[in-house]
Amino acid sequence: MAGLEEMVKGYAPTDLLYLRDSYMKACDCEVVCFKKDGKNAYVLARGTIFHPKSGGQPGDVGYIKGESGELEVKKVMGVWTDDGYYVIHYGKGSVGSGKANFQIDWETRYLYMKRHTAAHLLDHCLAEATGTKTLTLGSWLGDPAYLDYAGSMPSEDQIRMAERLENDYIHQGLPVSFSVISASDATRLGAPNEERLPKSAKELRLVRIGDFEWIPCGGTHVNNTKEIGHFTVKGVNKIEGGYRIYFDVDKAIG
Ligand SMILES: [Zn+2]
């Protein structure tokens with residue numbers, strides 16, 4: 001990705017609007033730089049509502065409509081440089097510099113928000129059902145959605161119990177809140193995963209469901225567990241060093 005780092009050089013890090021308000025479906029942003037690639041183009045803007053592919057969450061898709069053209073966004077990539085974090089949109093078409101209208105495919109994004117929140121909640125419910133702290137190895141919130149955990153596979157009863165607990169918490173309508181702390185505070189407080197923070201990161205975003213543990217996370221979540229609707233474990237299997245839980249949530253929108 002050396003080319004992308006080159007592309008963002010000299011520009012300010014991207015204003016990540018999706019972190020401030022994950023429910024923004026459209027917004028006007030200023031395109032500061034674009035690079036054509038045949039019939040496609042890379043686009044960098046001052047701010048964006050497009051979530052890049054990261055942390056197991058697929059990138060958003062949608063459109064960027066400017067005065068001189070339109071980009072059908074197919075891929076969204078995050079790039080860390082010494083200056084900070086940048087989001088680059090890639091897709092078909094082209095859009096020139098200046099003000100443009102950004103629109104994400106809300107149905108897909110909202111599903112990711114529900115799955116993402118459900119995934120955090122499963123960490124908690126699984127720990128409650130097994131009596132052991134969970135260690136996540138990885139996750140994918142696209143199709144099929146899954147979470148990978150370290151350690152030995154829980155029993156069928158424990159999995160069903162975690163699923164039941166999760167649905168209880170969903171129906172209780174627990175609020176999902178977030179807080180941003182400085183990177184130096186994160187180091188001082190020994191925040192989990194703090195060592196994975198890039199050196200140019202100035203702050204750490206923490207997310208919390210109800211009054212459960214704080215989780216460092218830069219993804220998009222729903223505001224209330226009720227929005228997840230219903231949680232189902234689709235299957236469990238062994239993987240190297242642990243096990244994988246396939247899951248899904250209600251696909252209905254709103
Ligand atoms: Zn998260």
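A few comments on the model shown:
- Cross-chain or 6+ apart pairs with Cβ under 8 Å, region 217-240 first and over 12 Å from Met113 (Cβ atoms), then of a type in the set (S, T, N, Q) and within 13 Å of the ligand (Cβ to nearest atom): Gly218/Ser54
- Candidates Pro13, Pro52, filtered to the one that is assigned to a loop (DSSP other than H, G, I, E, B), over 16 Å from the mean Cα position of the chain (by Cα), touching a residue at least 12 places away in the same chain (Cβ under 8 Å) and outside the structural domain of Met113 (by TED's automatic domain parsing): Pro13
- Summed over region 198-215, the residues that are closer than 15 Å to Leu16 by Cβ and modelled with pLDDT under 85 give a count of 6.
- Where Ala100 falls short, out of the listed (1) over 30 Å from Glu67 (Cα atoms); (2) in contact with a Leu (Cβ under 9 Å, 6 or more places away or on another chain): (1)
- Of the residues making up region 135-180, just one is part of a loop (DSSP other than H, G, I, E, B) and touching a His at 6+ places or on another chain (Cβ under 8 Å), namely Leu141.
- Lone qualifier among Gly62, Gly38, Gly56 - being at positive phi and in contact with a helix residue (DSSP H, G or I) (Cβ under 8 Å, 6 or more places away or on another chain): Gly56
- Filtered by the rule that a residue be farther than 12 Å from Ser54 by Cα, assigned to a strand (DSSP E or B) and out of contact with any Leu (no Cβ under 9 Å at 6 or more places or on another chain), region 65-79 gives Gly66, Glu70, Leu71, Glu72, Val73, Lys74.
- Any hit, region 37-47, residues being within 15 Å of the chain's Cα centre (by Cα) and closer than 17 Å to Thr220 by Cβ: no
Yes/no per residue for (1) modelled with pLDDT under 95; (2) within 14 Å of the ligand (Cβ to nearest atom); (3) outside the structural domain of Leu206 (by TED's automatic domain parsing):
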| residue | (1), (2), (3) |
| --- | --- |
| Leu121 | no, yes, no |
| Leu135 | yes, no, no |
| Ala145 | no, yes, no |
| Asn167 | no, no, no |
| Ile181 | yes, no, no |
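- Selection within region 16-45: residues that are assigned to a strand (DSSP E or B) and among the charged types (D, E, K, R). The member of this set that is surrounded by the fewest Cβ atoms within 10 Å (Cβ to Cβ) is Lys36.
The values are calculated or read from the model by the stated rules, or taken from the named source; none is laboratory data. The shown structure was predicted, so the numbers you read here are calculated from the model rather than taken from an experiment. For neighbour counting, all protein chains shown are included, and Cβ atoms are generated from backbone atoms with ideal geometry for every residue, glycine included.
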